[in-house]
Amino acid sequence: MTASTNGTRRTLTHTVALAGIVTAGTAALTLPFAPGASADEAGAHGATQAAEGTAAPMAYAPQAPDGLMGQAPGADDDRHDDGGPDRDDRDDRDDAQRDRGAERDDDADRGTAIEKADKGRGADYTDDGRLVVIPKHEQPDARSASDEDIDRWIDEALEIMDEKDIPGSYDAIHSNLMRESSGDPHTINMWDTNAEKNIPSKGLLQVIDPTFEQYHVEGTSDDIYDPVANITAACNYAADRYGSMDNVDSAY
């Protein structure tokens, strides 16, 4: 039957319209049949095209929540499998904290080893590196060096002080030295407030470690118990705070 009547044309138009509705949302569909084709042929052809268009629509790429266009479901799984950047940052922070903890442990171990090897006369330390504080009356008696040694140490210190422009005289150094340590280069105070703070006074002029480190004179020993290093650091400190060791006549 040919498409020659108004009724047939309406049927064809209706069929084409339905095919357009079925394929809405897919790619535009063009029916490749010429006017004059039979309604049966047109209908069959249109149904075939509609089925093909419905079964295989063009890919639709909606706006994904994270702003990526055309992301297929599950395609970003690999991107988040390892926790993403946030977890990487947390892992880095955890690693840094562990490293800092290890460094603190190493420092504590080194500090404990140094303190356990302390030359202070009678000094004892706990396992965590703290000085064992004792009552004043249990402080070991000083063992004074010979007058010759004391004179030699002071003279060597004065030569270095002169080179470094650190003021101080023999008499001032000697009098303070004898009052503070009785001339014992290995004296350590184990009963006063500095001892309780774990920074005991040490050596001929009873210098605490932080002061020795701050006022240590270049060219002298790094050992706080070394007589010349102890004298020059103490005089350097006294010069900074009092103008000169000559201005010191009591605990300083």
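Charged side chains reduced to their Cβ positions (Lys and Arg at +1, Asp and Glu at -1) give region 193-232 a dipole of some 180 debye around its Cα centre. Net length available on complete extension from TRP191 to GLU138 is 18.2 nm, with 0.36 nm assigned per residue and the Cα-Cα distance removed.
Label zone (THR126, point 7 Å along Cα-to-C-beta; backbone nitrogen cut-off 20 Å) within region 183-215: 189-201, 209. Sparse packing (at most 12 other Cβ atoms within 10 Å of the Cβ) combined with a DSSP loop state is found for the following GluC sites (Glu not before Pro) in region 155-240: GLU218.
Multiplying each eigenvalue of the alpha-carbon gyration tensor of region 153-252 by 5 and taking the square root yields semi-axes of 20, 14, 13 Å, largest first, rounded to whole angstroms. The length gained on full extension between SER146 and SER169, counted as 0.36 nm times the residue separation minus their Cα-Cα distance, comes to 6.3 nm.
Every number in this text was worked out from the coordinates using simple rules, so none of it is lab data. For clarity, every value in this text was computed on a predicted model and none was experimentally measured. Note that we place each Cβ from the backbone using ideal geometry, even for glycine, and neighbour counts take in every protein chain shown.
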